[in-house]
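The values are calculated or read from the model by the stated rules, or taken from the named source; none is laboratory data. Because the structure is predicted, anything quoted here is derived from the model rather than measured. Every residue, glycine among them, receives a Cβ derived from its backbone with ideal geometry; neighbour counts consider all protein chains shown.
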Amino acid sequence: MEEVDVEPSPMVIADLNSFIYRHLGFEWGPGDLLVYETNYKLSAGSPLVHVVRKDEDICSPILRKLFNESHLIFVGLQKIKEDVPSKNKKSQFVSISKNYRSVIRACMEELQQNADGSLASQYGDQVSILLAIELIWNLCEVLFIDAAPAGSLLLHLLDWVRLHKSDVDARAREVLQSESPAQHQSYWDVVISLVLQGRMDEARQVLSKQASLRAESSSVFKRMDVLLQTMPIFNPTGTQTLTEFDVKWRHWHEECDRCLQDNTFASNRHLETIVKILVGDEDTILEQKELLSTWYHFLVTRLLFTHPTIKPPDLHYYAQSSMNMFLGPRAPPEPLDIILLSAFEFDLHQVIKDCSIALNNWWFVAHLTDLLDHCKLLQSHNLHFGSNLREFLVLEYASGLFTHHSLWQLAVDYFDHCPEFGRVYLELQIERIPLDTERKAIKVLRICEDRQMSEQVRSICKIMAKRALRNNRLGSALSWSIRAKDAAFATLISERFLQDYCNKGSFTDLDLLDNLGPAMLLSDRLTFLGKYREFHRLYGENRFSEAAKLLLSLMTAKIAPRGLWMTLLTDALPLLEQKEVKTRTTHALHSHFTVVKKLDEDIESTKTELLRLALARNLAMAIVKEGTIET
Amino acid sequence: MDPTAKYISQKISRTRWRPVPAGLLQQPEVFAAGSWDNESNRVSIWSLGDDDSDTDGEFDEEPRLLCDSEHDGDVTDLQFLDGDRLVSASSSGAVAILKLQPDCQALSLAHVWERAHRYSCDNAPCTAVVCRSPELVSVGEDGRVILYKADQTEVVRVIENADSSTIHAVTFLRTTEVLTVNSIGQLKMWDFRQQSDSPAQILSLTGDRVPLHCVDKHPNQQHIVATGGQDGMLCIWDVRQGNTPFSLIEAHSAEMWEVHFHPSNPNHLFTCSEDGSLLHWETTSGSDMSTLLQRGWNSRVVSHSGVPLAGEDDSVVSSWLAGDSSKNRLEATHMLPSQTLSVNSLDVLEQCLVCGTDGEAVYVHRQLPNFSI
């Protein structure tokens, strides 16, 4: 993964034509590129900054379904337990692979249905990319995940080719439904296509339409029919071993060869072509280029008729030669062809590397590599930057998702399943999500709390609390600081309340203060606030001795802020007029008063005088009352 | 029967059934969905296709899109005012009435109250809206409760500073009374007949002030209310009585986003949550253990406390409030096949249930299992 094999091709960014004669600066972001003008001369107007998005697919509404559905499959895959025996696991992995492919197909169909008007070319491109992706995935499933042994390998490859060359069915239907199938111009093309794909029964069915017409050459057709019927097909679930099958096949092959040598089919050139194909004559098969249309179809057909018991390690000889023969000396292979060739050579890393370069987002490589990793097919390939291949790709994919304004929630699950760096990536990215509403903030907080990311919880709560405070929503601010257990912020909010009280003379937001509950204990200042409000309430309900006691305890416990002591003592003034205050209380109040007086020299003298007077009178009253004996 | 899933390429914040005309025994077929967290959000109308009574639940039709309309800001709440008008609440603080054309071919904006909820220098999201035609009430993060009439352009009444914290949900108790829940765990009753701007009653749980996110009133008995909060606890309250909820049930492991009593069969309750599950709660009175076992008990009941109201006739006491836990059981069943991303919203009408998730999928149950009217 260190060097790139090909030269990177320059990409023109559509709307930046005006930049041709100007200098450009750029900066990489997590998923975007910031491009800005840098002028030597300051011209009129301000320089422009452009945000260039690398990955268009993430914005396409239909492809979004791909991301969402594959996310569900991915999470399900991670949950498969380790201790299940490997045979069962293989079938599970195959079914998961099929799930992924069906999601890709569903997306393709929807794109094809909706490709009209302005979106036609864009959707067309996406469809062809998805087709290629599904082709590669299917091949990887056959070769790596299912890992079919010799014999079944060819059967699976045949299925693979049939799935990806679906126009044969349409043409066959067209021919069969026409008035006289045998005269149809595509008749023989259909028959040969079916033979090339190894669909002998269907080929016979189409051939029978011909036979019924020409009575005199019916014996020739019957001969062909017999040949096609007796072609041995390997049955993996049957009792026949591979060697037995091989022997049978060779008999049949010799039979076909004899027919060819005897010139049995010389009367009909089409039948002659067919028997040459059955014998495995490469030149004849190559002549059917039009019908084959791809070199891998040619490869599979060739193997079907020359080497049906091919073993996986031998595939790549045939693959390389088939590609060369089919494409010819002058046509360079496309990226897709190279990827498929690497797959046939069982070089997984090359497949992944080439796909990463060819595709513009990490979806495909991340999910495929993850699945292959679960099948234990990837050797630990240590990259220069520490994590293994699977984790690297999944992290890249998830980081790309995170830049999307909506799909970031999916990325969280992906990060969870990257054991080495996932958590760090998540911690860094989750704080950068814009929080417009409380509901979104609550969801982000839930993600952080579930993963014990206390730093992030605190910082997000602080942002929300600050915002609430700025908008004068003290209750909201308090509830956010309670959630973060942020004592410092709670203190700040209480200061705000107290300030409001000092300015206005009454408390705002009584519904909050009266109902603080255990949250009061979060910070000293908050406790003071709650208790102070309680004092006011008690006073309002005429429960003076309790009120006084509370006030005293507030001052004794030293949770009252110094600046407010004078206010507290002033509040005590009317209480001192009441009859129920005891001597002890008065003495205590007096001592506090002296402390305050000492600390704060420039208190208003009227206030101090009033207080002194009140304290003295109260003391007198109390002494008299306590000294009197009720008779 | 598993629900049908449909991926709609936008995260869904609300789904609501379009009300069926009363009297007709029809199953609902059309629902509205609102999106959130998109660069351009939409309110969309979906149809389930024809309810062919010949095929007996065989069809697996996906919902298909009838029409949609752009929406400014996240759709924070959606309610049908009547058969063709829809009220939406936005994260930009606006409340809008959308009109649905008779053949559901288009959705247009009929009226919008811009910046109904606001701060002095910023937008305040409107968090919930409730209707009882022709009146609407909306609440928001700015702590205001606003009363509107559907046909009047001006707002009818604003209760300023109704709450010092965010009000998350609101429901009508009586024609002139609403109940709101806020993020310091209080339920407040507001009577619009009173001139003062203070609540008629305040209820809250003693202990930790857990934010409450949703509230719903029992369809027949106006004093029974269910709430759900940040810790996933489902509480059933009797608003006439006292300061403590009647039942506290550990329903979910994360925030509960919506709670709904079934409108015609209130022994059934549905809740959905951030933890990705949708639960169907059924209170059965007096059935014996064997029938419960047959139906597949799958519940998580914590406590069913509370003393039955003195002097009440047994037949009148709702099974939600009855204290004798041996007689009344609560069973809960999961409605979604597997764990999904957060289920943000649900709506239930007759035998149909629709819900929307953050995984951009809408799930529709056309025949609620174990459900009898």
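A few notes on this one:
- Checked against (1) surrounded by 17 or more Cβ atoms within 10 Å (Cβ to Cβ); (2) within 14 Å of chain A (Cβ to nearest Cβ), residue B:160 passes all but a single condition, namely (1).
- Flag for residue A:88 being within 14 Å of chain B (Cβ to nearest Cβ), modelled with pLDDT under 90 and either farther than 25 Å from residue B:340 by Cβ or more than 23 Å from the chain's Cα centre (by Cα) (or both): no
- Where a residue in the range B:198-214 is at the interface with chain A (Cβ under 7 Å from one of its Cβ atoms) and its partner, wherever it lies, is of a type in the set (Val, Ile, Thr) and assigned to a strand (DSSP E or B), with Cβ under 9 Å and at least six apart: B:211/B:181
- Taking first residues from the range B:259-275 that are within 14 Å of chain A (Cβ to nearest Cβ) and among the charged types (D, E, K, R) and partners that are crowded, with 21+ Cβ neighbours inside 10 Å and assigned to a strand (DSSP E or B), the Cβ contacts under 7 Å between residues at least 6 apart in sequence or on separate chains come to B:274/B:257.
- Within the range B:114-144, being assigned to a strand (DSSP E or B), out of contact with any Ser or Thr (no Cβ under 8 Å at 6 or more places or on another chain) and either within 14 Å of chain A (Cβ to nearest Cβ) or among the aromatic types (Phe, Trp, Tyr) (or both) holds for one residue alone: B:118.
- Test for residue B:108: is it within 14 Å of another protein chain (Cβ to nearest Cβ), of a type in the set (Ser, Thr, Tyr) and either under 25 Å from residue B:346 (Cα atoms) or exposed (fewer than 15 other Cβ atoms within 10 Å of the Cβ) (or both): no
- Whichever residue in the range A:323-358 is in contact with a Ser or Thr (Cβ under 9 Å, 6 or more places away or on another chain) and not hydrophobic (A, V, I, L, M, F, W, C) and, among such residues, is nearest to residue A:393 (Cα to Cα): A:353
- Selected residue (only one of B:26, B:10 is closer than 23 Å to residue B:260 by Cβ, part of a loop (DSSP other than H, G, I, E, B) and at pLDDT 90 or above): B:10
- Residue match in the range A:516-534 (condition: modelled with pLDDT under 80 and touching a strand residue (DSSP E or B) at 6+ places or on another chain (Cβ under 9 Å)): yes
- Within the set B:233, B:256, the sole residue that is modelled with pLDDT of 90 or more and within 14 Å of another protein chain (Cβ to nearest Cβ) turns out to be B:256.
- From the list A:282, A:287, A:244, A:255, the lone residue that is under 50 Å from the mean Cα position of the chain (by Cα), over 26 Å from residue A:168 (Cα atoms) and at pLDDT 85 or above is A:244.
- Residue within the range A:55-70 that is of a type in the set (A, V, I, L, M), farther than 21 Å from residue B:65 by Cα and assigned to a helix (DSSP H, G or I) present: yes
- Number of the exception - residue A:262 against (1) farther than 30 Å from residue A:187 by Cα; (2) modelled with pLDDT of 85 or more; (3) out of contact with any helix residue (DSSP H, G or I) (no Cβ under 9 Å at 6 or more places or on another chain); (4) not aliphatic (A, V, I, L, M): (1)
- Scan the range A:221-252 for residues that are closer than 20 Å to residue A:208 by Cα and in contact (Cβ under 8 Å) with a residue 24 or more places away in the chain and the total you get is 8.
- Residues of the range A:300-331 that are more than 23 Å from residue A:199 (Cα to Cα) and over 41 Å from the mean Cα position of the chain (by Cα): A:325, A:328, A:329, A:330.
- Residues that are within 14 Å of chain B (Cβ to nearest Cβ), in contact (Cβ under 8 Å) with a residue 40 or more places away in the chain and not aliphatic (A, V, I, L, M), drawn from the range A:407-444: A:413, A:414
- Test: residue in the range B:238-247 that is crowded, with 23+ Cβ neighbours inside 10 Å, modelled with pLDDT under 90, more than 14 Å from chain A (Cβ to nearest Cβ) and assigned to a loop (DSSP other than H, G, I, E, B): yes
- Residue in the range A:166-181 that is in contact with a Ser or Thr (Cβ under 9 Å, 6 or more places away or on another chain), aliphatic (A, V, I, L, M) and part of a loop (DSSP other than H, G, I, E, B) present: no
- Only listed residue being crowded, with 22+ Cβ neighbours inside 10 Å, in contact (Cβ under 8 Å) with a residue 60 or more places away in the chain and more than 14 Å from chain B (Cβ to nearest Cβ), chosen from A:365, A:351, A:394: A:351
- Residue in the range B:187-196 that is over 21 Å from residue B:135 (Cβ atoms) and within 13 Å of another protein chain (Cβ to nearest Cβ) present: no
- Test: residue in the range A:482-492 that is crowded, with 17+ Cβ neighbours inside 10 Å, acidic (Asp, Glu), within 14 Å of chain B (Cβ to nearest Cβ) and within 44 Å of the chain's Cα centre (by Cα): no
- Among the residues of the range A:536-566, those identified as closer than 24 Å to residue A:489 by Cα and either surrounded by 18 or more Cβ atoms within 10 Å (Cβ to Cβ) or in contact (Cβ under 8 Å) with a residue 60 or more places away in the chain (or both) are A:554, A:555, A:560, A:561, A:564, A:565.
- For the range A:505-558, a residue qualifies if it is within 14 Å of chain B (Cβ to nearest Cβ), of a type in the set (D, E, K, R) and out of contact with any helix residue (DSSP H, G or I) (no Cβ under 6 Å at 6 or more places or on another chain), and the qualifying residues are A:511, A:514.
- Some residue of the range A:466-481 being in contact (Cβ under 8 Å) with a residue 40 or more places away in the chain, closer than 19 Å to residue A:520 by Cβ and out of contact with any Ser or Thr (no Cβ under 8 Å at 6 or more places or on another chain): yes
- Pair list, Cβ < 9 Å and 6+ apart or interchain, from the range B:334-348 residues that are within 7 Å of chain A (Cβ to nearest Cβ) to residues that are surrounded by 22 or more Cβ atoms within 10 Å (Cβ to Cβ) and of a type in the set (A, V, I, L, M): B:341/A:410; B:341/B:361
- Enumeration of residues in the range B:145-157 that are touching a residue at least 40 places away in the same chain (Cβ under 8 Å) and either outside any strand (DSSP E or B) or surrounded by fewer than 17 Cβ atoms within 10 Å (Cβ to Cβ) (or both): B:150, B:153, B:155
- Criterion applied to A:527, A:508 was being under 22 Å from residue B:204 (Cα atoms), assigned to a loop (DSSP other than H, G, I, E, B) and among the hydroxyl-bearing types (Ser, Thr, Tyr), and the one residue passing it is A:508.
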